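One structure is given below, encoded as structure tokens.
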Amino acid sequence: MAETISMPKLGFDMAEGTLVRWVKKVGETVNKGDVLAEIETDKATVEVESSASGVVRLLVVEEGSVVPVGSPIAIVGSAEEVIQESGNQGSGKQVKTERRESSVESPKLEILQSAIVKASPLARKIASEKKVDLSSIKGTGPGGRIVRRDIEAALAGGSPTTDHGPQTIVSTPSSVVHRPSSAVDETVSMSKLRQAIARRMAESKASIPHFYVTHEYKMDALMDLRAQFNKIVPENEKLSVNDFIIKAVALTLRQFPNLNASLNGNSVLHHRQVNVGVAVSVEGGLLTIVCRDADQKPLRQIAAEVMAMAARAREGKVKPDDIEGSSFSISNLGMYEVENFIAIINPPEAAILAVGSAREVAVSENGVVKPGWRMKATISVDHRISDGAEAAKFMQALGVFLEEPLRLVV
């Protein structure tokens, strides 16, 4: 029996998505779980998997179409059955064999050369606006992916740089900063992702009464355990401090269901699953990937999943499950030597944890000053759902796992 594939809803505020590219054509065989198409949301380019096995019988929308969430995009069925378009799919007329055959050959449903080229959503947007042929540009992003700087270089008539390392700033003897005499202010359009972040964060701060609780943790035992573990595993299996934090947060949330929750009118929805969102820096903003059932997974599995999802996010190839369904989020700026900061709650979640660097500092214990590892973290909480005492207890309970990290592996 034929099955209709619909535009998925990725995030509670997603209303529509742009179908960027068909991966499968009419007449091709597809298995359940195969990538059927790529769609672009406010957050990222996402691969849509087929929920059925069979033959692609009809592509309901064309590439480049903006499609509301829940609307049909394709029909998968057997090669023999007759497919009819329903009222919300088209004219309601039966789809004849001749029409299916012509659809395969129709240039509207063929993959355009520029759509085959690997490019970030922002690069595609700029290229479309500026009428730039992506197939004529050499990408300098991960895996040869075309990114914004490549488009800008093409527009300027220059060659994009291939140096992906940090830029070196060379100081001059003079303290005067020399600017080109023709320097003028520049207006830069915000990407879809940046616009989505701006909208959601403004709504969060305006509608959610935030309060904050900061705690400092002793990280000596955790840093020692991590060092021992990383000595005996391959490079691609090493654990980060953030992997320990994800596991510790997930186990702590078991004790505080009110913080693994979201507001639902005049009631609070306690989520059964502990799905920890992790903020990842991507081109043009941030994307939250989701480690599902983090309280039930071993550290090595958490590390592997987060690493794989972060790589897909930076390449613009996330899967729907990568970015939807988080019940609590972590924003970690420890790799930037940040001592402490606060984060804005990711709606509709009840709280978010902002994590600073694990730093070796001078500490005083029993009147003796010695070196020790310390890390500060701040939880932001929706005051409609919880109060300061509960948040403080959560931060204390989190310390039990972080300061006695063997609890995370037994």
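The values are calculated or read from the model by the stated rules, or taken from the named source; none is laboratory data. Remember, it's a predicted structure, so these values are computed and weren't measured experimentally. Neighbour counts are summed over all protein chains in view; Cβ atoms, including those assigned to glycine, are modelled from backbone coordinates with ideal geometry.
Structural remarks
- If only residues of region 36-62 that are in a loop (DSSP other than H, G, I, E, B) and not β-branched (Val, Ile, Thr) are counted, the one that is surrounded by the fewest Cβ atoms within 10 Å (Cβ to Cβ) is 62.
- Pairs meeting the criteria (first residue in region 399-410 and outside any helix (DSSP H, G or I), second residue surrounded by 13 or more Cβ atoms within 10 Å (Cβ to Cβ), beta carbons under 7 Å, at least 6 apart or on different chains) are 404/221; 409/299.
- Residue within region 18-31 that is under 20 Å from the mean Cα position of the chain (by Cα) and either of a type in the set (Phe, Trp, Tyr) or on the phi > 0 side of the Ramachandran plot (or both) present: no
- Test: residue in region 360-370 that is surrounded by 18 or more Cβ atoms within 10 Å (Cβ to Cβ), without any contact (Cβ under 8 Å) to a residue 24 or more places away in the chain and part of a strand (DSSP E or B): no
- Residues in region 24-33 that are free of Cβ contacts under 8 Å to residues at least 60 places away in the same chain and surrounded by fewer than 16 Cβ atoms within 10 Å (Cβ to Cβ): 28, 29, 31, 32, 33.
- Residue that is surrounded by the fewest Cβ atoms within 10 Å (Cβ to Cβ) [pool: residues in region 371-394 that are in contact with a helix residue (DSSP H, G or I) (Cβ under 9 Å, 6 or more places away or on another chain) and not in a strand (DSSP E or B)]: 393
- Pairs with Cβ under 8 Å, 6+ apart, first in region 60-75 and assigned by TED's automatic domain parsing to the domain that holds residue 26, second of a type in the set (Phe, Trp, Tyr) and crowded, with 17+ Cβ neighbours inside 10 Å: 63/22
- Enumeration of residues in region 307-343 that are modelled with pLDDT of 95 or more, surrounded by fewer than 18 Cβ atoms within 10 Å (Cβ to Cβ), in a loop (DSSP other than H, G, I, E, B) and under 18 Å from the mean Cα position of the chain (by Cα): 333
Here's the yes/no breakdown for (1) buried (at least 21 other Cβ atoms within 10 Å of the Cβ); (2) over 16 Å from the mean Cα position of the chain (by Cα); (3) outside any loop (DSSP other than H, G, I, E, B); (4) among the hydroxyl-bearing types (Ser, Thr, Tyr):
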| residue | (1), (2), (3), (4) |
| --- | --- |
| 249 | yes, yes, yes, no |
| 252 | yes, yes, yes, yes |
| 257 | no, yes, no, no |
| 262 | no, yes, yes, yes |
| 269 | no, yes, yes, no |
| 274 | yes, yes, no, no |
| 287 | yes, no, yes, no |
| 305 | no, no, yes, no |
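- Residue count, region 285-294 (criterion: farther than 15 Å from residue 321 by Cα and out of contact with any Ser or Thr (no Cβ under 9 Å at 6 or more places or on another chain)): 0
- Test: residue in region 228-240 that is surrounded by fewer than 16 Cβ atoms within 10 Å (Cβ to Cβ), acidic (Asp, Glu) and not in a helix (DSSP H, G or I): no
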